[in-house]
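Structure first, then comments.
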Amino acid sequence: MTTTKLSRVAGVAALVFAAGCSDSHYNILNTNAPTVEQLTGAPNKAILGRAALGAAALLANDLGGEISFFAIFGREGYNLLGNDPRLTQEMLRGPLEAGGFGGANFTGKYIALRTINEYLKAIDAAPDLTAAEKSASKGYAKTLKAVLLLRTIVRNGVLGAPIAVEVSLNDPPAPFVSQAGVYTYILAQLDEARSDLNAGGTAFPFNTPSGHEIANTPANFIKFNRAIAAKAQVLRSTLAGGGNAAYTAALTALNESFMSRTGALSNAVSYAYSSASGEPNNPISENLSAQRFYIHNSVVSGVQLKGNGQPDNRYAAKVKPAIGDAVNRTQGSLPLHNFKPAMYNNADGTADLGADIPVIKNEELILLAAEANWFAGSKQQAIDDINLIRTTSGGLAPTSLTTSSTNAQFITELLYNRLYSLLWEQGTRWVDARRFNLLSTIPLDRAGDVTFQNMLVPATECDARGLSVPCTPPTQ
């Protein structure tokens with residue numbers, strides 16, 4: 001069964017499992033999550049409220065794998081645990097395997113998408129939701145869909161992605177849509193969602209999940225929606241032929257988002273985790289003595305220094321020396337690595353399993369504004385935005401850029417700041433290298449190592465379409 005078909009079954013089941021488990025064999029009622037029958041048969045406000053929280057929880061289905069794999073591809077860091085040689089062989093030199101790691105980080109997104117689609121279909125059937133509450137619920141769900149599809153197309157790149165995944169199990173697999181077509185669909189979903197949220201009254205008919213504190217009303221959720229729209233436009237400009245028109249549209253969206261040049265740079269809508277037993281834990285955080293995740297040596301050597309000779313504050317806060325058995329770690333003939341990602345750790349270096357991971361934060365929005373302003377012609381504003389991040393977040397001196405600097409010089413400055421501001425949050429270095437045709441600048445530690453343009457279509461998807469593995473499905 002294909003993953004897009006699998007998601008039609010597992011997605012509905014996942015809605016049940018998102019907030020707890022039920023077992024119909026034992027006929028035990030799960031009071032923490034709606035059953036499939038409740039959702040598709042006779043939903044009410046309470047049932048849909050639990051479904052909304054379940055849908056948000058599924059957003060982080062494969063986030064840990066996505067961050068760590070993108071980090072490996074972009075040499076933000078390595079997984080040197082040594083329990084699977086593919087992490088230092090397939091992931092660094094290929095060939096990527098569609099039935100292995102190369103086809104990972106795909107199925108979970110479509111499970112979540114199917115869940116959200118089922119939730120959307122159920123909204124109008126609820127007799128105790130007002131018209132405004134239904135509209136707010138739809139805007140919320142469509143925005144979550146856009147987040148998932150944006151992550152999917154960043155993963156897939158030129159391969160495109162399926163978007164019409166609601167068809168029957170007896171129908172052919174959902175067709176792939178071109179990369180440009182997926183961005184068009186994402187932006188249309190976000191615009192629909194904004195209209196829904198505008199008609200959604202003053203409150204959601206459910207408690208918004210942890211991590212959404214700054215987006216806890218329809219009006220505030222629009223600001224999150226516009227933040228995602230701005231990011232989609234910037235990525236579309238560089239990855240899908242959007243050009244300067246997309247940058248201009250990004251600036252419009254940013255003005256309607258929660259971006260604030262005077263507010264806290266850490267303000268964010270986040271994937272929320274908990275250290276409580278039985279709750280989802282942060283999948284990246286680990287003790288400084290653990291032998292799994294390491295910061296790539298080039299990130300260590302490339303950090304800029306403040307006027308007092310100390311490193312960029314972002315680096316100092318996020319990168320810490322390994323301790324104990326984690327010191328001098330290597331696998332597969334890679335150089336020794338001695339520094340760990342610590343952005344999700346407690347002050348004493350231990351893992352903080354309850355640390356949130358940003359979906360998008362104010363610091364990223366200002367960097368998106370810098371990029372869009374530069375290429376849309378407002379170069380001094382772009383420089384001012386870069387300097388705001390350099391001085392406030394990094395503690396560095398202002399940039400040497402001027403309005404006469406070349407695009408290449410600006411991109412170098414931009415990508416430095418994006419790397420250290422967003423380190424180990426979304427695989428920024430790999431994505432940015434692809435966006436600006438700079439994959440050849442990613443450091444390679446061994447002869448024979450390579451970089452990749454994108455991840456692969458999973459083997460099951462190829463099989464279902466009668467294509468050889470690996471495959472490039474035709475796009476619409």
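Bear in mind that the values in this text are calculations on the coordinates, not laboratory data. Model, not experiment: these values are computed from the prediction. Note: ideal-geometry Cβ built from the backbone for every residue, glycine included; neighbour counts use all protein chains shown.
Couple of notes before you dig in:
- Cross-link pairs exceeding 25 Å in C-alpha to C-alpha distance, out of LYS45/LYS121; LYS223/LYS318; LYS134/LYS223; LYS318/LYS379; LYS340/LYS379; LYS138/LYS223, comprise LYS223/LYS318; LYS318/LYS379; LYS340/LYS379.
- As computed over region 356-432, the Cα convex hull volume per residue (Å³): 86
- Note on the chain: dipole from Cβ charges, positive end direction compared against TYR183, SER393, THR238; the farthest Cα belongs to THR238.
- Length added when fully stretched, VAL300-THR402, from 0.36 nm per residue minus Cα-Cα: 34.0 nm
- Debye-formula intensities of the chain, expressed as log10 I(q)/I(0) at q = 0.08 Å⁻¹, are -0.47 (one equal scatterer per alpha-carbon, no solvent).
- What the Cα atoms of region 301-389 give is an Rg and a Dmax of 17.4, 51 Å.
- Membrane-span-like helices in the chain, defined purely by DSSP H runs whose alpha carbon atoms cover 27 Å or more axially and whose average Kyte-Doolittle hydropathy reaches 0.0, are 131-156, 218-239.
- Note: relative contact order over region 356-476, using C-alpha pairs below 8 Å and six or more positions apart, is 15 percent.
- Two-site FRET efficiency, ASP124 against GLU192, from Cβ-Cβ distance with R₀ of 22 Å, rounded to 0.05: 0.90
- The Rg/Rh ratio for region 308-467, using Cα coordinates for both the radius of gyration and the Kirkwood hydrodynamic radius, is 1.02.
- Extension gain for THR252-VAL158 works out to 31.2 nm (0.36 nm per residue, less the C-alpha to C-alpha distance).
- Here region 293-345 is treated as an ellipsoid with the same Cα gyration tensor; its semi-axes, largest first and in whole Å, are 22, 13, 9.
- Cubic angstrom per residue, convex hull over Cα atoms of region 235-334: 241
- Placing +1 on each Lys and Arg Cβ and -1 on each Asp and Glu Cβ, with no other charges, gives region 293-345 a dipole about its Cα centre of roughly 120 debye.
- Over region 100-231, the Kirkwood radius and the radius of gyration, each from Cα atoms, give a ratio Rg/Rh of 0.99.
- Using a cutoff of 8 angstrom between alpha carbon atoms and counting only pairs six or more residues apart, the relative contact order for the chain works out to 20 percent.
- Across all directions, the average flat footprint of the convex hull enclosing the Cα atoms of region 174-287 is 10.6 nm².
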